[in-house]
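Here the structure is laid out as structure tokens; the discussion comes afterwards.
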Amino acid sequence: MDASAAIYGCAGLELTPAERAFFAEARPWGFILFRRNVDSPDQVRALTAALRESVGRHAPILIDQEGGRVQRMGPPYWPKYPPGEAYLKATNDPLAARELARLGGRLMAHDLKAVGIDVDCLPVLDVPVPGAHDIIGDRAYARDPATVAQLGRAAAEGLLAGGVLPVIKHMPGHGRAFADSHKELPTVEVDLDTLEAWDFAPFRALSDMPIGMTAHIVFTAIDRKRPATQSRKAIRLIRERLGFGGLLLSDDLCMNALSGTLTERATASLKAGCDLVIHWTGDLDEMRQVARGVGPLRGGAARRAGAALARIVRSPEPLDLEAARARFDALLAGRLDAAKGPDVGEAQA
């Protein structure tokens, strides 16, 4: 039986019988975890195993593990990671900043892989402009497209090396929004040439990545009526002008930027060209509403999903965890001399 074109959350630290029954029937392509689902490593491992058991296959499991304000797994069991902007601030050496971003991604991948999570909704490729809403803020790697692309690629390559798929977000760009799309629908009234040169540039530079996520933003230069997630014109631009051929996820359907019922939101997003929709609250009644607007994952969407999963390496890049963490901390603190040491890839994890 085909998986459905949806990714769902769950309510707590373990699955309820009702959730198991729903997932067995709805057969989502994957799942997404949030802070409410995370306690200890053993608990997360048990939950990821139970989620996969509910659909009878090794379903992908996603998480938002960026660092800074957006980190679902943290102390005391996992390290606290910095926000994206910290990498560039730690050093004036662009090469060191890129190494730091890659090492951060590799360490995050180690943490995630160990508990059964294989997709991280990172890197953030949005480029904030002066005066924009701080919903992106320090989550951005830099304030210019070229540096965002360089550090975003480094972070993505670190994740890939550790056996975790990155998700580039929020396509085609959230950095110019003057509102938080969690709360209301932002509208960007900037000409297409400006968007091409600034907002779109990092996404074009990383168009080879396996998975992307859309933005719930109206770009009047593309579609005056619909947010990118639900706009055929915007999705076509992502595919053709940005050259993105990977698996395309909607941002969360529950965000107030979208209107209509959850069934209507899911249907509109998929009809516009998203391959999969995400519902994150873990509310079972809401998930049932989403399921009514979601069909099987087939055709090009299914091929893109398969191609994305094929990018997960079977054997992660070797990692001396202790040395890697020590080097990461030293680089982050700006102690370049202290960071000099053995190649962190020499020893097996």
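Residues in region 113-127 that are among the aliphatic types (A, V, I, L, M) and out of contact with any strand residue (DSSP E or B) (no Cβ under 7 Å at 6 or more places or on another chain) were compared, and the one that is nearest to GLU85 (Cα to Cα) is VAL127.
Where helices (runs of 4 or more DSSP H) fall wholly inside region 293-349, the ranges with 3 or more residues that are at pLDDT below 95 and in contact with a helix residue (DSSP H, G or I) (Cβ under 7 Å, 6 or more places away or on another chain) are 321-332, 336-339.
For (1) of a type outside the set (Gly, Ala, Ser); (2) buried (at least 21 other Cβ atoms within 10 Å of the Cβ), each residue gets a yes or a no:
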residue	(1), (2)
ALA114	no, no
ALA132	no, no
LEU151	yes, yes
PRO166	yes, yes
HIS170	yes, yes
GLY173	no, yes
LEU195	yes, no
TRP198	yes, no
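Being charged (D, E, K, R) and buried (at least 19 other Cβ atoms within 10 Å of the Cβ) holds for only one residue in ARG35, ARG52, ARG72, and it is ARG72.
Right, ARG224: at pLDDT 95 or above, surrounded by fewer than 22 Cβ atoms within 10 Å (Cβ to Cβ), of a type in the set (Lys, Arg) and out of contact with any Phe, Trp or Tyr (no Cβ under 6 Å at 6 or more places or on another chain) or not? Considered against the rule, which asks whether it is at pLDDT 95 or above, surrounded by fewer than 22 Cβ atoms within 10 Å (Cβ to Cβ), of a type in the set (Lys, Arg) and out of contact with any Phe, Trp or Tyr (no Cβ under 6 Å at 6 or more places or on another chain), ARG224 comes out as yes. In the set VAL218, VAL294, which member is buried (at least 20 other Cβ atoms within 10 Å of the Cβ), touching a residue at least 40 places away in the same chain (Cβ under 8 Å) and among the β-branched types (Val, Ile, Thr)? Residue meeting the stated conditions: VAL294.
Take TYR77 and tell me if it is under 19 Å from ALA324 (Cβ atoms), buried (at least 22 other Cβ atoms within 10 Å of the Cβ) and either in contact (Cβ under 8 Å) with a residue 12 or more places away in the chain or of a type in the set (Ser, Thr, Tyr) (or both). No, not satisfied.
Using the structure shown, decide if GLU66 is touching a Lys or Arg at 6+ places or on another chain (Cβ under 8 Å), crowded, with 20+ Cβ neighbours inside 10 Å and under 23 Å from SER250 (Cβ atoms). The answer is yes for GLU66. So which residues in region 228-278 are at pLDDT 95 or above and polar (S, T, N, Q)? Selection gives THR229, GLN230, SER231, SER250, THR261, THR263, THR267, SER269.
The values are calculated or read from the model by the stated rules, or taken from the named source; none is laboratory data. On a predicted model such as this, the values are computed, not experimentally measured, just so you know. We place every Cβ from the backbone using ideal geometry, glycine too, and count neighbours over all the protein chains shown.
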